[in-house]
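I have placed the structure first, in the form of structure tokens, so that the comments after it can refer back to it.
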Amino acid sequence: MEKVYMTPGGFKVLEDELKNLKFVERPAIVAAIAEAREKGDLSENAEYSYAKERQGFIEGRIRELESKLARAEIIDITKLNGNNVKFGATVTVFDDVSDEEITYRIVGIDEADIKQRLLSIESPLARALIGKNVGDEIKLNTPSGNKKYEILEVLYI
């Protein structure tokens, strides 16, 4: 089984979502299905159809979360250090195209949010950064054209 890398915070978010789905959402949808059944003809009952569809989504998400949590490899960033880019690093790069410094943090897939500069470990930029050091340059082919980055700083905070 493939490991799923995540920070302790990312693990907690998924764990909390799983608890909510199992102990709040699942019982609520079971009750909604029971209520819809009481209304009679299920073939034309939109409430029943919606509730069954929602139940399928909830059960699928529960299975997905249980699988991810079982395969989780939690990386404690506070125990990492150095100038080498690894999972969990906060990396400041200089973008030659936009002529600006940008800071990203490399996180797990489920934690990624580009608006908050949280970069998925699976993203092309993160994959290009992994293993590089302060001062290294990276060239990346993107849909908007070629980009060049220089690693200015690597922190583990």
- Item | Sequence-separation-based contact order of the stretch 9-157, relative, with Cα cut under 8 Å and 6+ spacing, percent | 22
- Task: Could you name the aspartates and glutamates whose alpha carbon sits less than 15 Å from that of Lys148, not counting residues in the same chain fewer than 8 places away?
- Result: Asp95, Asp96, Asp99, Glu100, Glu101, Asp136, Glu137
- Query: Ignoring the sites themselves, what is the longest stretch of the chain with no GluC sites (Glu not before Pro) in a DSSP loop and at most 10 other beta-carbon atoms within 10 Å?
  - Reply: 39-157
- Using Cα positions and a limit of under 29 Å, work out the lysines in reach of Lys79, with same-chain residues fewer than 8 apart set aside. Lys3, Lys12, Lys19, Lys68, Lys115, Lys132
- Task: Identify, among Ile29, Ser67, Ala51, the residue whose Cα sits farthest towards the positive end of the charge dipole of the stretch 4-74, taking +1 on the Cβ of Lys and Arg and -1 on the Cβ of Asp and Glu, with the dipole about the Cα centre.
- Result: Ser67
- Message: Only helices at least 15 Å long along their own axis, judged from Cα atoms, and with Kyte-Doolittle mean hydropathy of 0.5 or greater: name those in the chain from DSSP H.
- Response: 26-37
- Task: Starting from the Cα-Cα distance between Asn83 and Asp113, subtract it from 0.36 nm times their residue separation and give me the gain in nm to one decimal.
- Result: 8.4 nm
- Message: Given Cβ point charges of +1 (Lys, Arg) and -1 (Asp, Glu) and nothing else, what value in debye, to the nearest 20, does the dipole of the stretch 77-155 about its Cα centre take?
- Response: 280
- Using a simple charge model, +1 on the beta-carbon of Lys and Arg, -1 on the beta-carbon of Asp and Glu, nothing else, what dipole does the chain show about its Cα centre, in debye to the nearest 20? 420
- Item | For the stretch 87-157, the fraction of alpha-carbon pairs in successive 10 Å shells from zero, as % | 21, 59, 19, 0
- Arrange the following residues from fewest to most other Cβ atoms within 10 Å of their Cβ: Leu155, Leu14. Leu155, Leu14
- Note on the structure: In whole angstrom, the spacing between the Cα centers of the stretch 1-60 and the stretch 138-157 equals 40
- Extension length gain for Lys3 and Ala46 (0.36 nm per residue less Cα distance), in nm, is 11.5 nm
- In nanometres, what is the gap between the two model label sites at Asp95 and Lys39, each 7 Å from Cα along Cα-to-Cβ? 4.9
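Values in this text are rule-based calculations from the coordinates and carry no lab data. Here the structure is a predicted model, which means the values were calculated and not measured. Note: ideal-geometry Cβ built from the backbone for every residue, glycine included; neighbour counts use all protein chains shown.
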